Amino acid sequence: MVTICIGKVGQAKGQKIQLDANELVSNDEFALPEKNAFGNSFRDYETDNGRKDIVEQHYKSSHINQTYEFVKQMREEYMKLDKAEMGIWECCELLNEIVDESDPDLDEPQIQHLLQSAEAIRKDYPNENWLHLTALIHDLGKILVLPKFGGLPQWAVVGDTFPVGCAFDESNVHHKYFKENPDFNNPKYNTRNGVYIEGCGLDNVLMSWGHDDYMYMVAKENGTTLPSAGLFIVRYHSFYPLHKYGAYSQLMNKEDKENFKWLKVFK
């Protein structure tokens, strides 16, 4: 397991801080740059910047293999949290070895992304320490691609996430590859709500397996002091069909809608 805690200068080791998320709310907007590392618009999957084919092949594998049963198996396996125990910075350093194949905007080691995210958030929200930490750790789950943590293929670790157990919304990038997914024609899973009830809450929805859900489980099971909004960001920051198009919003409950506004900070 990875140790997740929030500490402050002078605090006794192991002592937890009780945070009130309602006192940490900011009405500021986070200003994103207009261009990515290649000088193109962000999340442009059509422009050939040398990564187009790599990214598309990634999503093809993801969309074919991320099934309801696969996700259940992965969650059962990784819920054990038996791979390692380490501090946050030690885990961050492991991302020096990882380049995200699904990212059309960046081809640098992921540790740079973590640091850039945390610094950008700190600049705009200087008094909200929990949000700085959330930005720093939100992608730590990408260690799943490393042999020590199971050596999973990148399609099972990175990329946009989406619910399984219901119809694959057409807003998903490279949607055409879902047609080869065994769940695509399964009447149990291919309706709008599938196995879910409208308004059931995202906590009751299985998402495609990856670093988001893994890091959420690590943080939650280790008793993190991050507020609900922080855990929501960690778990759903790659849920772009919802962020960008409002897809699957019928599954959200009141708490989801309240926490959803914090994703604007990251996206």
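Which count do you get for residues in the stretch 65-93 that are of a type outside the set (S, T, N, Q), surrounded by 15 or more Cβ atoms within 10 Å (Cβ to Cβ) and under 30 Å from Glu180 (Cβ atoms)?
Final tally of qualifying residues: 6.
Is there any pair with a first residue in the stretch 243-267 that is over 15 Å from Asn204 (Cα atoms) and a second that is polar (S, T, N, Q) and outside any helix (DSSP H, G or I) whose Cβ atoms are under 6 Å apart and which are 6 or more apart or on different chains, and what are they?
Final answer for the pair search is Tyr245/Ser171; Ala247/Ser171.
One residue is enough: does the stretch 161-184 have a residue meeting the conditions assigned to a helix (DSSP H, G or I) and under 17 Å from Arg75 (Cα atoms)?
No.
Hey, does the stretch 219-242 have a residue that's in contact with a Gly (Cβ under 6 Å, 6 or more places away or on another chain) and in a helix (DSSP H, G or I)?
The answer is no; no qualifying residue exists.
Output the qualifying pairs, or none if there are none: Cβ atoms under 7 angstrom, residues six or more apart or on different chains, first residue in the stretch 123-145 and farther than 24 Å from Ala84 by Cα, second residue of a type in the set (Asp, Glu).
Once the first residue is farther than 24 Å from Ala84 by Cα and sits in the stretch 123-145, its partners that are of a type in the set (Asp, Glu) give Asp124/Asp28; Tyr125/Asp28.
Residue by residue through the stretch 203-218, note down the ones that are in contact (Cβ under 8 Å) with a residue 60 or more places away in the chain and either in contact with an Asp or Glu (Cβ under 9 Å, 6 or more places away or on another chain) or in a loop (DSSP other than H, G, I, E, B) (or both).
Result: Leu206, Met207, Ser208, Trp209, Gly210, His211, Asp212, Met215.
Going by what's in this entry, would Tyr236 be described as among the aromatic types (Phe, Trp, Tyr), out of contact with any helix residue (DSSP H, G or I) (no Cβ under 6 Å at 6 or more places or on another chain) and at pLDDT 95 or above?
yes
So, Leu94, is that one of a type in the set (A, V, I, L, M, F, W, C), free of Cβ contacts under 8 Å to residues at least 60 places away in the same chain and in a helix (DSSP H, G or I) or not?
Judged against the criteria, Leu94 is a match.
Being of a type outside the set (Gly, Ala, Ser), at pLDDT below 90 and in a helix (DSSP H, G or I) is true for just one of His63, His113, His132. Which residue is that?
His113
If I ask for residues that are touching a residue at least 60 places away in the same chain (Cβ under 8 Å), more than 19 Å from Tyr236 (Cα to Cα), of a type in the set (D, E, K, R) and open to solvent by 20 Å² or more (accessible area, probe 1.4 Å), which ones from the stretch 168-188 would you list?
Glu180 - this is the single residue of the stretch 168-188 that is touching a residue at least 60 places away in the same chain (Cβ under 8 Å), more than 19 Å from Tyr236 (Cα to Cα), of a type in the set (D, E, K, R) and open to solvent by 20 Å² or more (accessible area, probe 1.4 Å).
In the stretch 143-167, which residues are crowded, with 24+ Cβ neighbours inside 10 Å and under 16 Å from Tyr189 (Cβ atoms)?
Within the stretch 143-167, Phe162, Pro163 qualify.
Regarding the stretch 189-202, can at least one residue be identified that is modelled with pLDDT of 95 or more, in contact with an Asp or Glu (Cβ under 9 Å, 6 or more places away or on another chain), open to solvent by less than 10 Å² (accessible area, probe 1.4 Å) and not hydroxyl-bearing (Ser, Thr, Tyr)?
yes
Could you list, in sequence order, all residues of the stretch 216-225 that are open to solvent by 10 Å² or more (accessible area, probe 1.4 Å) and touching a Phe, Trp or Tyr at 6+ places or on another chain (Cβ under 9 Å)?
Those that are open to solvent by 10 Å² or more (accessible area, probe 1.4 Å) and touching a Phe, Trp or Tyr at 6+ places or on another chain (Cβ under 9 Å): Tyr216, Thr225.
Among the residues of the stretch 120-134, write down those that are polar (S, T, N, Q) and either buried (at least 19 other Cβ atoms within 10 Å of the Cβ) or within 13 Å of Gly230 (Cα to Cα) (or both).
Passing the criteria: Asn129, Thr134.
The values are calculated or read from the model by the stated rules, or taken from the named source; none is laboratory data. Since the structure is predicted, the reported quantities are computational estimates derived from the model, not experimental observations. A quick note on method: Cβ atoms are made from the backbone with ideal geometry, for glycine too, and the neighbour counts reach across all protein chains shown. Surface areas here come from the heavy atoms of the whole protein model, side chains and all, with no ligands, DNA or RNA. Shrake-Rupley method; radii C 1.70, N 1.55, O 1.52, S 1.80 Å.
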